[in-house]
Amino acid sequence: MEPTLASSMLEWLEEGAPWSLRVADFYEQHEFSFEDAVLPDQLAEAFSPKALDELRQHMESRFGVELSTRIDVTAHRLSRGQRIKVHNDFIPGEESHRFLIQLNRGWEDANGGLLCLFNSNDTSDVHRILRPVHNTGVVFEISKASLHAVTPIQSGDRYTLVLSFFPRTKCSQPMNTSNSA
């Protein structure tokens, strides 16, 4: 994301976004869907249908897959004491790929909120740990093996934009009406 845009987005997330608390069995966080939000004009263009379609095409090229034009964009805010336990987001027929964009002001390891990727359900089987550095991204395929978690927040608020991509199904592809006889 262009640096000025990333700073503007972070300001809006801190001051004007329509947060709602969500509690589930493996996490507690504030979140909202961009579908239900009115973005400031300077941010709306970055999430326009055209911009999201270009991103979808990039994801298709990167992963060698065909994706639906449906892209869900949500924002997450984790605050002191909140965390996300080990999970994989895998639901057959639902999201297949994810792009996370971190937007955080001067984040340090002492703040917590580290993104942990695991080789298995064993929390000691850590594959990689990623800091939520401002204006960085992580892309991954969602599968039974895409196990990840976020360590407890010790201080500050941790902001993430979550873009979820869906597989293109046979029903969503144009029908071929030509005869091949």
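Annotations for the structure displayed:
- Among residues of the stretch 94-116, those that are part of a loop (DSSP other than H, G, I, E, B), of a type outside the set (Ser, Thr, Tyr) and touching a residue at least 12 places away in the same chain (Cβ under 8 Å), counted: 8
- Test: residue in the stretch 60-71 that is within 20 Å of PHE32 (Cα to Cα), of a type outside the set (Ser, Thr, Tyr) and within 16 Å of the chain's Cα centre (by Cα): yes
- When residues of the stretch 147-181 are limited to those that are modelled with pLDDT under 95, out of contact with any Ser or Thr (no Cβ under 8 Å at 6 or more places or on another chain) and small (Gly, Ala, Ser), the one surrounded by the most Cβ atoms within 10 Å (Cβ to Cβ): SER178
- Checked against (1) free of Cβ contacts under 8 Å to residues at least 24 places away in the same chain; (2) out of contact with any strand residue (DSSP E or B) (no Cβ under 8 Å at 6 or more places or on another chain); (3) under 21 Å from GLY137 (Cα atoms), ASP53 passes all but condition (2).
- Strands (runs of 3 or more DSSP E) fully within the stretch 23-92 that include at least 1 residues being in contact with a His (Cβ under 6 Å, 6 or more places away or on another chain): 28-33, 67-78.
- Every condition in (1) over 11 Å from LEU161 (Cβ atoms); (2) in a helix (DSSP H, G or I) is met by LEU10 except one, and the failing one is (1).
- Restricting attention to the stretch 117-148, the residues that are of a type in the set (A, V, I, L, M, F, W, C), over 26 Å from PHE47 (Cα atoms) and part of a strand (DSSP E or B) add up to 4.
- Residues in the stretch 76-100 that are among the β-branched types (Val, Ile, Thr), surrounded by fewer than 20 Cβ atoms within 10 Å (Cβ to Cβ) and closer than 19 Å to HIS30 by Cα: VAL86 alone.
- Residue in the stretch 25-48 that is more than 30 Å from THR151 (Cβ to Cβ) and either basic (Lys, Arg) or under 17 Å from the mean Cα position of the chain (by Cα) (or both) present: yes
- Residue match in the stretch 14-21 (condition: touching an Asp or Glu at 6+ places or on another chain (Cβ under 8 Å), in a loop (DSSP other than H, G, I, E, B), among the hydrophobic types (A, V, I, L, M, F, W, C) and over 24 Å from GLU141 (Cβ atoms)): yes
- Test for MET1: is it assigned to a loop (DSSP other than H, G, I, E, B) and within 18 Å of LEU100 (Cβ to Cβ): yes
The values are calculated or read from the model by the stated rules, or taken from the named source; none is laboratory data. Fair warning: this is a prediction, and the values are worked out from it, not measured in the lab. Backbone-built Cβ (ideal geometry, glycine too); neighbour counts: all protein chains shown.
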